[in-house]
Amino acid sequence: MTCLHGRHIDPVVFAGLDGANWRLDGYVARGGYETLRRILNEKTEPGKIIEEVKASMLRGRGGAGFPTGLKWSFMPHRFQGQKYLICNADESEPGTFKDRDILRYNPHAVIEGMLIAAYALGTSIGYCYVHGEIWDVYERFCEAMEEARLACLTGKNILGSGFDFDLHPFHGYGAYICGEETALLESMEGKKGWPRYKPPFPASFGLYGQPTMINNVETLASIPSLIKMGGKAYAALGRENNGGTKIFSVSGDVAMPGNYEVPMGTPFAALLELAGGMRDGKKIKAVIPGGSSVPVVPGDVMMQTNMDYDSIAKVGSMLGSGGVIVLDESRCMVKSLLRLSYFYHDESCGQCTPCREGTGWLWRIVRRIDAGEGLPGDIDLLDSVASNISGNTICGLGDAAATPVRSFLKHFRHEFVDHIEHKRCLVQT
Amino acid sequence: MLSEKAYQKIDRELEKFPAGSKASAVMAALAIAQDEQGWLSAETMQEVADYLGMPAVAVQEVASFYSMYNTSPAGKHKITICTGLPCALAGAEKTAEYLKEKLGVDYNQTTTDGQFTLKQGECMGACGDAPLLLVDNKRMCCRMTGEKIDALVEELKK
């Protein structure tokens, strides 16, 4: 029920949802599939759709923030062979839980978004790769897909237009790394999720070596409304260079953890208020604003920052996936980093030595500092291991593991020093 | 040996993929096999490998890579708890301690009556509903308290 609280500002993806109206008839009553019908009736030029998406300044909602329209334009238009479209629903970045709510409460928005994308990109087969741990959501999405198929909205000759698009669900089985595009492709090909070298990028060499477009759930769910209102109008919902609305998953020490959809550029302070403010009236200490892989920001700085890609970059962090983890004054930063470091150590796929070995080192060093057994050189050692991982791995997981360590040391170094000198935590005593 | 029903389910998975891409169904096939047999033995993996025309080692590689496959015998019910940072901030570590005490086992152990295996999981993509438990890979239990855990364990014992 993390998005059914009505505490959104100008929502697009979460507009009009009540938890019961996720089915096809509910979606159609909200104006669903009107955009697809119009496109198919008018035989809209695919290039025009891509231009609208470019004009919307929609940036990929999975974490990278890459402009979606530009990404779509990388797909080879005149390619005659099979092309694929994949919805990346392998959401598992700690602090991020928006795709789960979109898939279970507004699944047809994702399906219509995929249909429009498939039409624009000339792909006739699509897959939705759903995170392993959310089986009930996978089942619901399958049900929605079946509704769409029975209504001739997917399959062959959709609504008599001659446009074909077969959509299939794919269920992951527990691997954070498969949220990385090329690891996801490997997984879909029946292999362990080891990221590929890039280039070539999936748009030229993707699933089964064919051109493939991979977009996040929230990105695709935004497409029908974006095309309906027009790219410029969608862009105007947000701020310059940061088009539209964004769903923020707010977790941690707030009164009402949940998903909140707000216009890009909304002040963090307003978002915190939507989430009920700090739990038990405690003071804010720190915020990880874009999922666990982005740099932590001190609370007082965050209270002066707006929630968009550029504003968060200015305070040295990233908007990432929109997973906002809030920590209050009672939290020990060493213990908090320990949880993050264990995660990356556990989830490193093992392909690149710096990440496989380095994430283990990071975790073990933070663990001994937390246990009061830290050595005088441990902070330098953490810095050194983190910098030897960064930039030396095939995919971004290595950087994602190193970033929290470096940012925690940057802003909260004294807590690590205290732990080592006093052999105990001074924050929680 | 997997049942006829399991093979029918695997066949339905195979229909999703283009000809010559049978390996794409391996993750689903292993999940179906595990649902039926409780865990993935070397023999089960060999059977899946033979059916999909893959080397057994390639199937084992997949089974050992993804965390939700049981590559050793597990209890009748597997309870996985997430202790990532957002869950920890919602008290998941205390929840984990409560579970360990209640079941009398540590992570990766099975109760002596063979009923429960406890696992430490990682991000399940539902942090807003923490503390979270995943029961038998398919049932997510949200905002868990001691009381709710007591009721859950009683229900699963039946």
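The values are calculated or read from the model by the stated rules, or taken from the named source; none is laboratory data. Fair warning: this is a prediction, and the values are worked out from it, not measured in the lab. Using ideal geometry, Cβ is built from the backbone for each residue, glycine included, and neighbour counts are taken over all protein chains shown. SASA here: full protein model, heavy atoms, side chains in, ligands and nucleic acids out. Shrake-Rupley method; radii C 1.70, N 1.55, O 1.52, S 1.80 Å.
Summary table
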| item | result |
| --- | --- |
| Percent antiparallel among DSSP beta bridges (both partners in chain A, rounded to 5) | 45 |
| 5 angstrom amide H check on residue A:155, placed H, neighbours 5+ away | A:165, A:166, A:167 |
| Chain A, relative contact order [Cα under 8 Å, separation at least 6], % | 17 |
| For region A:5-135, fraction of C-alpha pairs farther apart than 19 Å, in % | 57 |
| Choice from A:371, A:55, A:175 with maximal GNM fluctuation in chain A (Cα, 10 Å cutoff) | A:371 |
| Nitroxide proxy distance, nm - points 7 Å out along Cα→Cβ at residue B:107 and residue A:143 | 3.4 |
| Förster-model FRET efficiency, 51 Å R0, residue A:380 and residue A:164, C-beta, rounded to 0.05 | 0.30 |
| Equivalent ellipsoid semi-axes - Cα gyration tensor, region A:349-421, angstrom | 23, 12, 9 |
| Inter-probe distance in nm under a simple model that places probes 7 Å from Cα toward Cβ, at residue A:228 and residue A:77 | 2.7 |
| Relative compactness, region A:300-369, computed as alpha-carbon Rg over 2.2 N^0.38 Å | 1.36 |
| Calculated FRET value between residue B:72 and residue B:19, using beta carbons and R₀ = 45 Å, to 0.05 | 0.80 |
| Cα centroid of region A:68-108 to Cα centroid of region A:251-294, whole Å | 26 |
| Per residue accessible area in Å² of chain B, where ligands, DNA and RNA are left out and the probe is 1.4 Å | 44 |
| Max mean-square fluctuation residue, GNM over chain A, Cα-Cα springs under 10 Å, options A:276, A:231, A:60 | A:276 |
| Protein-protein interface of region A:251-273, residues with accessible area decrease of at least 10 Å², isolated chain reference, 1.4 Å probe | A:251, A:252, A:257 |
| Dipole of region A:71-132 [Lys/Arg +1, Asp/Glu -1 at C-beta], most positive-end residue of A:95, A:72, A:106 | A:72 |
| CD proxy at 222 nm, helix term only [per DSSP H run n ≥ 4: -39500 (n - 2.57); per residue of chain A; nearest 500] | -13000 deg cm²/dmol |
| Solvent-accessible area of residue B:148 with every protein chain in place, 1.4 Å probe, in Å² to the nearest 10 | 90 |
| Tilt relative to chain A, helix A:107-121 - C-alpha long axis, 0 to 90 degrees, to 10 | 70 |
| Solvent-accessible area lost in complex, 40 Å² minimum, residues of region B:56-100 relative to chain alone, 1.4 Å | B:61, B:65, B:66, B:68, B:85, B:86, B:89 |
| Estimated distance in nm for a label pair at residue B:1 and residue B:139, the labels positioned 7 Å out from Cα along Cα-to-Cβ | 3.1 |
| Net length gained if the chain between residue A:304 and residue A:357 were fully extended (0.36 nm per residue, minus Cα distance) | 15.3 nm |
| Electrostatic dipole magnitude of region A:1-124 [Cβ: Lys, Arg +1; Asp, Glu -1; Cα centre; debye, to 20] | 240 |
| Length-normalised contact order for region B:1-109 - Cα pairs under 8 Å, 6+ apart - percent | 20 |
| Charge dipole of chain A about the Cα centre (unit charges at C-beta), most positive-ward option of A:318, A:363, A:277 | A:318 |
| Per residue accessible area of region A:137-265, 1.4 Å probe, in Å² | 31 |
| Net dipole in debye of chain A [+1 Lys, Arg Cβ; -1 Asp, Glu Cβ; about Cα centre; nearest 20] | 500 |
| Listed residue (A:293, A:205, A:231) projecting farthest to the positive dipole end of region A:159-296, Cβ model | A:293 |
| Note, ³J(HN,Hα) from phi for region A:288-297, Karplus 6.51, -1.76, 1.60, rounded to Hz, x at Gly and Pro | 9, x, x, x, 5, 7, 9, x, 6, 10 |
| Accessible area per residue in Å² at 1.4 Å probe, computed on region A:298-392 | 38 |
| Part-to-part distance (alpha-carbon centres) for region A:154-229 and region A:27-41, which is given in Å | 22 |
| Compactness of region A:226-374 - radius of gyration and Dmax, Cα, Å | 17.5, 59 |
| Net lengthening on full extension, residue A:156/residue A:48 (0.36 nm per residue, minus Cα-Cα) | 36.5 nm |
| Of every Cα-Cα pair in region A:236-284, the percent that sits beyond 11 Å | 66 |
| Accessible surface of region B:85-126, 1.4 Å probe, proportion on carbon and sulfur as whole % | 42 |
| Exposure ranking of B:65, A:408 by accessible area [1.4 Å probe, largest first] | B:65, A:408 |
| Chain-alone versus full-assembly comparison, region A:181-201, residues with accessible loss of at least 30 Å² (1.4 Å probe) | A:190, A:192 |
| GNM result for chain A, Cα springs below 10 Å: residue of A:58, A:184, A:17 fluctuating most strongly | A:17 |
| About the Cα centre, charge dipole magnitude for region A:167-262 (Lys/Arg +1, Asp/Glu -1 at Cβ), debye | 220 |
| Stokes-Einstein D for the protein assembly as shown, Kirkwood Rh over Cα pairs, 20 °C, 1.002 mPa s (µm²/s) | 88 |
| A:249, A:161, ranked by accessible area, largest first (probe 1.4 Å) | A:161, A:249 |
| Separation of alpha-carbon centers, region B:129-158 and region B:88-106, rounded to whole Å | 12 |
| Share of carbon and sulfur in the accessible heavy-atom surface of region A:127-273 [1.4 Å probe, %] | 57 |
| In Å, descending, principal axis extents of the Cα set of region A:67-209 | 42, 35, 28 |
| Accessible area buried between chains A and B, both sides summed, probe 1.4 Å, in Å² to nearest 100 | 3800 |
